[in-house]
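Inspection log for the structure reproduced underneath, given as structure tokens.
The values are calculated or read from the model by the stated rules, or taken from the named source; none is laboratory data. Predicted model, so just to flag it, every value in this text is computed and none were measured. Every residue, glycine as well, gets a Cβ built from its backbone with ideal geometry; the counts of neighbours run over all protein chains shown. Please note that ligands, DNA and RNA were not included when accessible areas were found on the heavy atoms of the full protein model with its side chains. Shrake-Rupley method; radii C 1.70, N 1.55, O 1.52, S 1.80 Å.
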Amino acid sequence: MKRIELTYPHLFLIISVIVVTTSCSRLHKVTDLVTNPSAREKYQREFEENDRAFAAWQKEFDKAVLDSITVSLPYSEFGNFSPVTYPVYSYEMTLDQGERLQVEVEKDSLQQLVFLDLFKKENDSVYEHIKSADFSETGISEEITVSGVYKVLVQPEIGATTPFRIQISKEPVYSFPVVSKGNSAVQSYWGAVRDGGRRSHEGIDIFAPRGTPVIAVTPGRVSSTGNKGLGGKQVWLRDSKRGNSLYYAHLDSIIATSGMRVKVGDTLGLVGNSGNARTTPPHLHFGIYKGYRGAQNPLPYVYQIKKVEKLPFSKDSNSTFIISSATANLRKGPSTKAVIGRQAKAQDTLQLLGKTSDWYHTRLEDQNYFIHESLASPL
């Protein structure tokens with residue numbers, strides 16, 4: 001074993017480096033409490049001596065903000081992050097008020113970082129940044145308060161090589177209001193014509209046997225109850241967190257009392273057909289009203305959505321694939337109904353970003369596409 005002797009100057013240098021490093025770390029922690037830097041800003045500190053790599057990595061992110069593929073939720077993709085390029089995974093989806101977006105990236109290596117960002121599309125060239133995952137976090141959860149088109153960006157750290165699984169899903173912010181019932185029990189929807197066109201339906205109708213319990217879908221306070229007007233026997237529940245008033249109508253009987261504090265699952269009443277529903281089968285009319293905005297479509301708030309399919313980690317480390325057909329359509333989504341962005345021809349090689357179901361995810365000239373697996377083969 002080679003012996004290394006440290007002289008006094010060497011010891012002084014080492015101690016100085018430790019003191020400076022420790023001091024900088026503490027300074028960052030103190031400053032961060034005031035400035036609240038983003039995950040990307042924290043990551044940039046690792047490149048203070050040479051930020052060329054970081055600048056190239058950030059440039060790819062900026063370009064990806066203006067490009068994406070369109071996916072339907074739930075969505076799952078698996079693959080291997082490639083250290084050869086600076087891959088950015090960019091997805092657009094339509095989300096409604098009353099839904100909660102869930103994004104999770106699972107990695108085979110806990111040591112490698114991934115950066116997640118959420119944007120809302122204002123127009124074809126303007127995206128509003130909504131949220132970023134905190135440093136070292138691998139997920140985003142965001143309740144949607146304004147319906148529209150949203151974009152999720154996933155970018156691994158520089159040089160990442162780990163297998164990954166990206167899962168994007170959504171869920172309603174409320175539970176379902178009728179016990180033991182689900183989506184199929186909704187048989188009359190928001191906006192349906194009523195009274196020969198003189199008014200439209202300001203809610204949804206959930207059909208169930210008379211006497212089925214109707215429950216609180218969120219914690220709140222019962223603001224009023226009574227038997228009056230078109231709704232007959234009714235209960236109003238106030239959701240102070242969101243500023244919503246929830247309307248349960250046509251009840252057979254009322255169980256809740258005005259002023260009562262309730263939690264999710266507490267029984268408010270029983271399904272019936274009181275009020276102007278006397279000639280229809282028993283059902284709950286469920287509505288949501290929000291201050292000056294008035295009636296809101298309640299369906300996204302309670303519509304139950306299937307869980308995302310967990311695809312396995314990829315065992316294939318290939319980062320490219322080759323077109324095996326004469327021509328191949330590159331689409332802006334994993335579906336034959338998706339827009340065709342461009343075409344590739346036989347023997348063309350493309351970057352492989354990942355795979356979902358029977359579609360390959362690729363990136364070509366700063367654009368994301370999907371190609372059906374029958375048209376290509378990994379190299």
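Observations on the model:
- Taking the C-alpha atoms only, the angle from helix 52-64 to the longest principal axis of the chain is near 30 degrees.
- Only Lys, Arg, Asp and Glu carry charge here, each on its Cβ (+1 for the first two, -1 for the last two); on that basis region 242-355 has a dipole of about 340 debye about its Cα centre.
- Region 64-118 - Debye-derived log10 I(q)/I(0), Cα point model, q = 0.12, 0.20, 0.22, 0.28 Å⁻¹: -0.35, -0.95, -1.12, -1.53
- Sites excluded, chymotrypsin sites (Phe, Trp or Tyr not before Pro) in DSSP loops with at most 15 other C-beta within 10 Å, longest stretch of the chain: 1-134
- GNM on the chain, alpha-carbon springs under 10 angstrom: the most fluctuating residue among V105, V84, V173 is V84.
- Dipole of the chain, positive end: most advanced residue of T257, S125, A55 [Cβ charges, Cα centre]: T257
- In a reduced charge model with +1 at each Lys and Arg Cβ and -1 at each Asp and Glu Cβ, the chain shows a dipole moment near 1440 debye about its Cα centre.
- Cα-derived Rg over Rh, computed across the chain with Rh taken as Kirkwood radius: 1.11
- Scanning the chain for trypsin sites (Lys or Arg not before Pro) lying in DSSP loops with no more than 12 further Cβ atoms inside 10 Å, the longest uninterrupted stretch between such sites is 4-197.
- Here the chain exposes an accessible surface that is 53 percent carbon and sulfur, computed with a 1.4 Å probe and the other protein chains kept in place.
- Choice from V65, V152, V222 with maximal GNM fluctuation in the chain (Cα, 10 Å cutoff): V222
- Accessible surface, the chain, averaged per residue in Å² (probe 1.4 Å): 52
- Between 0 and 90 degrees, the angle of helix 8-35 with respect to the longest Cα principal axis of the chain falls at about 20 degrees.
- Charge dipole (region 26-175, unit charges on Cβ, about Cα centre) - positive-most of T138, V65, A160: A160
- Surface/4 of the Cα convex hull for region 169-279, nm²: 7.6
- Orientation-averaged projection of region 285-379 equals 9.7 nm² [convex hull of Cα atoms, one quarter of hull surface area].
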